[in-house]
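**Student:** So that we are looking at the same thing, I have put the structure below in structure tokens.
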Amino acid sequence: MSIYDFTVNDNKGNSVSLSEFKGKVLLIVNTATKCGLTPQYEGLEKLYEKYRDRGFEILDFPCNQFAFQAPGSAEKIDSFCTLKYNTKFRRFEKIKVNGGDTAPIYQYLKKQKPGRIEWNFAKFLIDRNGQVSERFSPQEKPETLEGAIEKLLNE
């Protein structure tokens, strides 16, 4: 099994097979727009701009489970991210990352790198074969992931 076995909905409600990302290095992040860590969007966009031409993608999954810090519709979240941080990476439907209603993709991620998602902006780095390579805590700033991303892009 790999990340490519999952289908998720994008922020417009369209079904997206993650097999669309075969051969790419992925960073999967649960995000929030009203969190102290929200400025990480800026660092995420810088990573995306720096590495996208080498086969790097960021998959943004808004999550309202932590202190209700991702309120609003998909359209409002998208507008906020675009206007405030000029993000261009892919955004998906709001999901749950813990508990009985955990999205299947997050069940898989947590099985590969165990533990509850502790807060917004937990990050999972996926290799070009769709396998979970590393998990990073919410406090780890996006720029600290460059070495790990470079390593996977060079494999």
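Values quoted throughout were computed directly from the atomic coordinates according to the rules given, and no laboratory measurement underlies them. A quick note: this is a predicted structure, and the numbers were derived from the prediction, not measured. Cβ sites come from the backbone with ideal geometry, for glycine too, and all protein chains shown count toward neighbours.
**Student:** For the pair residue 131 and residue 68, what calculated FRET efficiency results from E = 1/(1 + (r/R0)^6), where r is the Cβ-Cβ distance and R0 = 22 Å, to the nearest 0.05?
**Tutor:** Working from the Cβ atoms, E equals 0.10.
**Student:** At a Förster radius of 25 Å, what calculated FRET efficiency corresponds to the Cβ-Cβ distance of residue 12 and residue 49, to the nearest 0.05?
**Tutor:** Details: r = 23 Å, r/R0 = 0.92.
The pair residue 12/residue 49 has a calculated efficiency of 0.65.
**Student:** Now for a different question. Between 59, 37, 83, which gets the highest mean-square fluctuation from a Gaussian network model of the chain, Cα cutoff 10 Å?
**Tutor:** So, out of 59, 37, 83, the one fluctuating most is 83.
**Student:** Set the bar at 29 Å for Cα to Cα. Now go through 84/123; 76/113; 24/96; 76/123; 50/113; 34/151 and name every pair that lies beyond it.
**Tutor:** Table pairs above 29 Å Cα-Cα are 76/113; 34/151.
**Student:** Averaged over all directions, how much area does the convex hull of the C-alpha atoms of the chain cover when projected, in nm²? Don't skip to the answer; put the middle values down first.
**Tutor:** Working: hull surface 32.5 nm².
For the chain, the mean projected area of the Cα convex hull comes to 8.1 nm².
**Student:** While we're here: What is the list of residues in the stretch 1-22 whose amide nitrogen lies under 16 Å from a point 7 angstrom out from the Cα of residue 79, following Cα to Cβ?
**Tutor:** What the label zone holds, given the 16 Å backbone N cut-off, is 12.
**Student:** Over the stretch 27-93, what number does the Rg to Rh ratio reach, with both radii from the alpha-carbon atoms and Rh per Kirkwood?
**Tutor:** 0.95
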